[in-house]
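The values are calculated or read from the model by the stated rules, or taken from the named source; none is laboratory data. No experiment lies behind these values; they were computed from the predicted model shown. Here the Cβ positions follow ideal geometry from the backbone for every residue, glycine too, while neighbour counts run over all protein chains shown. Just the protein is used for accessible areas: all its heavy atoms, side chains included, with ligands, DNA and RNA removed. Shrake-Rupley method; radii C 1.70, N 1.55, O 1.52, S 1.80 Å.
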Amino acid sequence: MPSAKIYYDQDADLNVLKDKTIVFLGFGNQGAAQAQNLRDSGIPNEQILIANRPDSYAEDAKAKGFKVEHDFVKAAKAADVVFILVPDQVQPRVFNETFTPNLKDTAAIVVASGYNVFFKLLKFKPTQDVVMVAPRMIGSSVRSLYVKGKGFPCFVSVEQDGTGNGLAVALALSRAIGATKAGAIDSSVYEETAMDLFAEQALWPNIIMLFREAFSVLKDAGCSDEALCYEMWMSKEPAEIFERAAEDGFIAQLKHHSTVSQYGQLSGALALDGTATREHFKNILHNQVLNGKFSGEFTKIEADLEKEGDENPLNVLYKKSEETELVQAEKRVRSRLANLL
Ligand code: NDP
């Protein structure tokens with residue numbers, strides 16, 4: 001694979017957005033951050049429209065001085081550019097019903113995550129541009145880094161170049177939200193979705209499982225709940241290790257640890273045979289993520305995620321996870337700590 005292209009501010013021309021009406025569908029984590037950054041980059045407030053149902057998000061947008069449209073059909077008709085910044089699971093329903101039939105033939109549609117485009121769950125006209133501008137940061141950081149004059153990591157791609165101007169629009173929007181300051185990485189909805197879902201369905205489940213099993217083994221060996229919770233995560237040591245990994249290097253950060261620790265970690269990691277894990281990971285990537293199995297199953301439960309109690313499958317998973325030894329112990333430790341305060 002060749003190295004990815006990286007786009008900077010000088011690759012983007014904000015004039016491409018001149019006189020365009022830019023609609024933000026959603027004013028949540030990403031919507032609020034990106035809309036404010038875009039305005040602070042010099043895009044006139046009159047060109048920006050927030051499409052949101054009448055509730056606290058809409059009130060927040062109004063309080064921040066934005067024009068708000070509650071009628072999504074009207075917002076769709078006005079849009080030259082639409083950022084889809086509502087949760088991934090509601091996008092197909094909301095966008096396909098209200099935006100798709102009413103958008104201009106030459107509109108540019110912007111997603112901040114590859115999921116719905118990769119799995120073809122959103123409907124576009126072939127004459128429209130479909131681009132991804134996907135910050136690798138939570139919304140509050142997208143805003144706070146911008147305010148500090150800093151950039152943030154972001155993926156950018158053109159998935160459908162209906163007007164022939166898709167890249168110029170994608171780069172101008174990336175610059176306007178502050179994403180090209182530190183460099184926006186040329187990517188694709190395939191790459192973004194593969195990495196995102198792989199991390200969520202393969203890497204982190206294994207990390208959760210490793211912590212769960214490590215907890216049980218050490219508890220069986222006589223370690224206290226208090227000591228274990230602090231040792232394993234409540235001290236924030238794992239967060240510091242990852243912070244150092246980002247700053248110094250994934251392995252180079254080990255130099256901050258004691259010599260005993262360095263020797264133990266390096267010799268231990270090299271001695272572990274990753275073959276079975278690699279096969280397990282490949283299976284999840286190909287037979288669960290990329291083949292659409294997960295996305296198909298998730299679509300079926302999407303409506304249930306808004307239900308209460310045990311009718312909501314996410315609540316059931318939380319309940320089951322809370323039965324584990326690690327979570328039960330942590331609850332006891334946290335309630336003792338709360339009583340001490
Ligand atoms: P949020 O959960 O913050 O979205 C909330 C917004 O969506 C509100 O404006 C809310 O308004 C609206 N919304 C929710 N449900 C509906 C509905 N049924 N109909 C209409 N509007 C609805 O989303 P995020 O900002 O977290 O995510 C937006 C996109 O950004 C996603 O594609 C996500 O993958 C991507 N992304 C998110 C990151 C993050 O940090 N969270 C990081 C990078 C990318 P109301 O309820 O009033 O209708």
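A few points about this structure:
- Taking region 89-119 as the range and being touching a residue at least 40 places away in the same chain (Cβ under 8 Å), assigned to a loop (DSSP other than H, G, I, E, B) and out of contact with any Ser or Thr (no Cβ under 6 Å at 6 or more places or on another chain) as the test, the residues that pass are 112, 113.
- Condition met for residue 116 (crowded, with 18+ Cβ neighbours inside 10 Å and within 16 Å of the ligand (Cβ to nearest atom)): yes
- Of all residues in region 306-341, those being among the hydrophobic types (A, V, I, L, M, F, W, C), touching a Cys at 6+ places or on another chain (Cβ under 6 Å) and closer than 15 Å to residue 216 by Cα number 0.
- Residues of region 34-60 satisfying the condition of being without any contact (Cβ under 8 Å) to a residue 60 or more places away in the chain, closer than 21 Å to residue 107 by Cβ and of a type in the set (A, V, I, L, M): 35, 48, 49, 50, 51
- Subset of region 61-110 [modelled with pLDDT under 95 and more than 12 Å from the ligand (Cβ to nearest atom)]: none
- Residues satisfying the stated conditions in region 1-36, i.e. touching a strand residue (DSSP E or B) at 6+ places or on another chain (Cβ under 7 Å) and away from the ligand (no atom under 16 Å from the Cβ): 4, 5, 6, 7, 20, 21
- Extreme residue, farthest from the chain's Cα centre (by Cα), among residues of region 138-154 that are among the aliphatic types (A, V, I, L, M) and closer than 14 Å to residue 85 by Cβ: 142
Yes/no per residue for (1) open to solvent by 70 Å² or more (accessible area, probe 1.4 Å); (2) of a type in the set (A, V, I, L, M, F, W, C); (3) under 27 Å from residue 188 (Cβ atoms):
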residue	(1), (2), (3)
275	yes, no, no
283	yes, no, yes
297	yes, no, yes
330	no, no, no
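- The sole residue among 174, 188, 157 that is open to solvent by 20 Å² or more (accessible area, probe 1.4 Å), within 20 Å of the chain's Cα centre (by Cα) and within 30 Å of residue 129 (Cβ to Cβ) is 188.
- Those residues of region 38-54 which are open to solvent by 60 Å² or more (accessible area, probe 1.4 Å) and within 15 Å of the ligand (Cβ to nearest atom), in sequence order: 53, 54
Yes/no matrix, rows are residues, columns are (1) touching a helix residue (DSSP H, G or I) at 6+ places or on another chain (Cβ under 6 Å); (2) within 16 Å of the ligand (Cβ to nearest atom); (3) in a helix (DSSP H, G or I):
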{"residue": "123", "(1), (2), (3)": "yes, no, no"}
{"residue": "131", "(1), (2), (3)": "yes, yes, no"}
{"residue": "134", "(1), (2), (3)": "yes, yes, no"}
{"residue": "145", "(1), (2), (3)": "no, yes, yes"}
{"residue": "157", "(1), (2), (3)": "no, yes, no"}
{"residue": "201", "(1), (2), (3)": "yes, yes, yes"}
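- Among the candidates 112, 33, the residue that is under 20 Å from residue 144 (Cα atoms) and touching a Gly at 6+ places or on another chain (Cβ under 6 Å) is uniquely 33.
- Number of the exception - residue 305 against (1) closer than 21 Å to residue 198 by Cβ; (2) modelled with pLDDT under 95; (3) touching a helix residue (DSSP H, G or I) at 6+ places or on another chain (Cβ under 7 Å): (1)
- Helices (runs of 4 or more DSSP H) (entirely within region 1-84) containing at least 2 residues that are under 20 Å from residue 187 (Cβ atoms): 29-40
- Condition met for residue 312 (out of contact with any Gly (no Cβ under 6 Å at 6 or more places or on another chain), over 23 Å from residue 119 (Cα atoms) and polar (S, T, N, Q)): yes
- Residues that are open to solvent by less than 10 Å² (accessible area, probe 1.4 Å) and under 14 Å from residue 79 (Cβ atoms) within region 9-30 comprise 17, 22, 23, 24, 25, 26, listed in sequence order.
- Taken across region 96-106, residues that are open to solvent by less than 10 Å² (accessible area, probe 1.4 Å) and closer than 30 Å to residue 199 by Cβ do occur, with at least one present.
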